[in-house]
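Below is one structure, written out as structure tokens; the observations come after it.
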Amino acid sequence: MMYNNAMRVSFAAIVLSLGCVRGMAFPALGAISRVMALGAPVLKVQNKLQGQIGNQISGVSRDEIQSEITTETQKGCTIYTYGLSPFSTDACLLLDKLGCNYDKIELGQEWFLLSPRASAKRAELLELTGQSSLPSVWIGGEFVGGLYSGPGIAALDENGELQAKLKAAGAL
């Protein structure tokens with residue numbers, strides 16, 4: 001029952017967010033983010049299972065994936081995204097607006113369209129950060145959240161901390 005409700009909420013949020021015009025901020029994304037957070041426990045279980053299957057199919061070890069993530073995130077700004085995610089799109093737009101030089105790593109179009117290796121990387125990001133959703137933004141080796149989560153780059157921008165972090169990491 002909980003799984004079905006969480007999946008319905010997530011599906012409704014995806015449908016709503018895909019209905020927005022790409023490349024334009026969608027004001028309701030913050031509210032949609034809070035609604036989607038209700039399904040986070042179920043999505044975390046799904047993420048871990050998908051990642052375990054991805055590890056087995058791809059033959060890549062967790063150590064290899066961890067090393068790859070460490071290398072990708074230790075300098076500057078790195079953002080892991082989904083191609084169809086309005087949250088990822090708006091996070092990139094915010095970084096672009098600030099003039100940030102960042103590495104964008106698209107794991108796939110959406111979580112259910114990931115390759116085995118990308119599924120394993122997404123699961124490892126969950127293990128490292130506690131967040132199963134994307135975007136996943138890292139500045140100077142520090143995970144700072146997504147667009148609205150953990151605290152998220154939108155909140156960091158609002159309170160004036162984002163530019164300072166980006167400058168300190170050499171991304172501005």
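Only the coordinates and a few stated rules stand behind these numbers; no lab work does. Since this is a predicted model, take the numbers as computed values, not measurements. Note that we place each Cβ from the backbone using ideal geometry, even for glycine, and neighbour counts take in every protein chain shown.
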* **Amide N proximity, region 121-151 versus residue 48 label position 7 Å along Cα-to-Cβ, cut-off under 19 Å** => 121-134
* To do: Set the Förster radius R0 to 30 Å, insert the Cβ-Cβ distance between residue 104 and residue 38 as r into 1/(1 + (r/R0)^6), and round the FRET efficiency to 0.05.
  => 0.60
* **Relative exposure of 138, 111, judged by other C-beta atoms within 10 Å (fewest first)** => 111, 138
* Asked: If each of residue 64 and residue 96 carries a label point 7 Å out from its Cα toward its Cβ, how far apart are those two points in nm?
  -> 3.4
* Structure fact -> So residue 75 and residue 115, fully extended at 0.36 nm per residue minus their Cα-Cα distance, gain in nm 11.8 nm
* **Qualifying aspartates and glutamates (Cα of each under 18 Å from Cα of residue 97; at least 8 residues distant if same chain)** => 157, 158, 161
